[in-house]
Ligand code: NAD
Ligand code: MLT
């Protein structure tokens, strides 16, 4: 009998779980979607659990998990795991911060191009049998200013890609140095300086008390007329009510959200606006990224179960 049992939730990539399957001390159980009550009933058997974003690791689940040593988040954000409760119960939380960087950066660039050229709207019209060449006059990215808020892994990968499209990049990130930004060819500015100069604004920070509604009514009011806004980071960084207001007024020419304050979300009033486009939290949804993040957490779980040094705690 295996020494440790690992519960893998949320359709985490099977291929990426190889490090667990290869270990004779570990038995992997693939869990299907469960309610909190259902998880509470079974979690007591497990030494480790892997989640993506669908499963919420609540205090109740952690209270009922006497054997649980580690929770692995196959992705970056750990906001679906109650970190205080995990600490209280001595449960280690690990994530996979690098594996989906490129996927999220490419999705952001795809959103920016889709916004600039009205691609989703034009596709929808053609599929409805309308050849409308006049309605979709776009804008070019070349020579435009991209404001990157949060110049970490994904923010810098987006900046590099935008530079290839001859955009000028300004960034706001209070935790990185002007020298580091400069070495990437990016001008580090304050938020107050970024908002009025950027033609496109993209946010790439974690959701914290500080970043919640960072793009609020006041921030939108300070933006350039005709700005286009993208959020492929976390729902709630952009205040959706304020965004709706400024899209209706015409100040915001377009917006693209991959993430929403409430998810899943198919009833946002934003979806009724023609110049609003959205995807259902697909930033990390590439075959490559899903394998990368699963391999990373699987390796970390093996290390945690065997009391070795664990990365990304
Ligand atoms: P990261 O930690 O590498 O970078 C985050 C950056 O935000 C850091 O440089 C940090 O200094 C900066 N930051 C923190 N607080 C800030 C503030 N108040 N103002 C400005 N900057 C601030 O993280 P990352 O891997 O680049 O991920 C960025 C975001 O993207 C996270 O929220 C992550 O959860 C999200 N994400 C989403 C998807 C998706 O599917 N849509 C995929 C991957 C990551
Ligand atoms: C992440 O934080 O890694 C992303 O949002 C991707 C995901 O939730 O799967």
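The values are calculated or read from the model by the stated rules, or taken from the named source; none is laboratory data. Just so it is clear, the model here is predicted, and its values are computed rather than measured. Ideal geometry is used to build each Cβ from the backbone, glycine not excepted, and the neighbour counts take in all protein chains shown.
Pairs, please: C-beta under 7 Å, at least 6 apart or cross-chain, first residue within 19 Å of residue 204 (Cα to Cα) and more than 10 Å from ligand 1 (Cβ to nearest atom) and in region 280-294, second part of a helix (DSSP H, G or I) and at pLDDT below 95?
So the pair list comes out empty.
Which residue is nearest to residue 103 (Cα to Cα), if the candidates are limited to region 139-164 and must be within 16 Å of ligand 2 (Cβ to nearest atom) and surrounded by fewer than 19 Cβ atoms within 10 Å (Cβ to Cβ)?
Keep residues of region 139-164 that are within 16 Å of ligand 2 (Cβ to nearest atom), which gives 150, 152-155, 157-158.
Subset that is surrounded by fewer than 19 Cβ atoms within 10 Å (Cβ to Cβ): 152-153.
Details: 152: 14, 153: 11 Å.
Among those that are within 16 Å of ligand 2 (Cβ to nearest atom) and surrounded by fewer than 19 Cβ atoms within 10 Å (Cβ to Cβ), it is 153.
Does residue 162 count as in a helix (DSSP H, G or I), in contact with a strand residue (DSSP E or B) (Cβ under 6 Å, 6 or more places away or on another chain) and farther than 16 Å from residue 105 by Cα?
Details: in a helix (DSSP H, G or I): yes; in contact with a strand residue (DSSP E or B) (Cβ under 6 Å, 6 or more places away or on another chain): yes; farther than 16 Å from residue 105 by Cα: no.
No; evaluated as a whole, the condition is false for this residue.
Does at least one position in region 196-216 carry a residue that is within 16 Å of ligand 2 (Cβ to nearest atom), touching a strand residue (DSSP E or B) at 6+ places or on another chain (Cβ under 6 Å) and closer than 22 Å to residue 100 by Cα?
Yes, there is a match, as at least one residue in region 196-216 is within 16 Å of ligand 2 (Cβ to nearest atom), touching a strand residue (DSSP E or B) at 6+ places or on another chain (Cβ under 6 Å) and closer than 22 Å to residue 100 by Cα.
From the set of residues in region 103-113 that are over 12 Å from residue 282 (Cβ atoms) and buried (at least 18 other Cβ atoms within 10 Å of the Cβ), which is nearest to ligand 1 (Cβ to nearest atom)?
Applying the first criterion (over 12 Å from residue 282 (Cβ atoms)) to region 103-113 yields 105, 109, 112-113.
Filter once more, keeping what is buried (at least 18 other Cβ atoms within 10 Å of the Cβ): 105, 109, 112.
On the way: 105: 8, 109: 13, 112: 14 Å.
Looking at the filtered set, the residue picked out is 105.
Can you work out which of the residues in region 165-179 that are surrounded by fewer than 18 Cβ atoms within 10 Å (Cβ to Cβ) and part of a loop (DSSP other than H, G, I, E, B) is nearest to ligand 1 (Cβ to nearest atom)?
The qualifying residue nearest to ligand 1 (Cβ to nearest atom) is 175.
Exactly one of (1) under 20 Å from the mean Cα position of the chain (by Cα); (2) exposed (fewer than 15 other Cβ atoms within 10 Å of the Cβ); (3) within 16 Å of ligand 1 (Cβ to nearest atom) is unmet by residue 266. Its number?
Condition (3) is where residue 266 drops out.
With the requirement that a residue be surrounded by fewer than 22 Cβ atoms within 10 Å (Cβ to Cβ) and touching a strand residue (DSSP E or B) at 6+ places or on another chain (Cβ under 9 Å), what does region 62-78 give you? If you could, list the steps in order and put the result at the bottom.
Initially, region 62-78 is screened for residues surrounded by fewer than 22 Cβ atoms within 10 Å (Cβ to Cβ), giving 63-64, 66-67, 69, 77-78.
Scanning region 62-78 gives 67, 69, 77, 78.
Within region 196-217, count every residue that is within 15 Å of ligand 1 (Cβ to nearest atom) and either under 15 Å from residue 151 (Cβ atoms) or touching a helix residue (DSSP H, G or I) at 6+ places or on another chain (Cβ under 9 Å) (or both). Explain how you work it out, then say what you get.
Of region 196-217, the ones within 15 Å of ligand 1 (Cβ to nearest atom) are 198, 201-216.
Now drop any that are not either under 15 Å from residue 151 (Cβ atoms) or touching a helix residue (DSSP H, G or I) at 6+ places or on another chain (Cβ under 9 Å) (or both), which leaves 198, 201-206, 211, 213-216.
Total meeting the criteria: 12.
If you go through region 87-94 one residue at a time, do you hit one that is free of Cβ contacts under 8 Å to residues at least 40 places away in the same chain and within 16 Å of ligand 2 (Cβ to nearest atom)?
The first filter runs over region 87-94 and keeps only residues free of Cβ contacts under 8 Å to residues at least 40 places away in the same chain, leaving 87-91.
Filter again for within 16 Å of ligand 2 (Cβ to nearest atom), leaving none.
Checked region 87-94: no residue is free of Cβ contacts under 8 Å to residues at least 40 places away in the same chain and within 16 Å of ligand 2 (Cβ to nearest atom).
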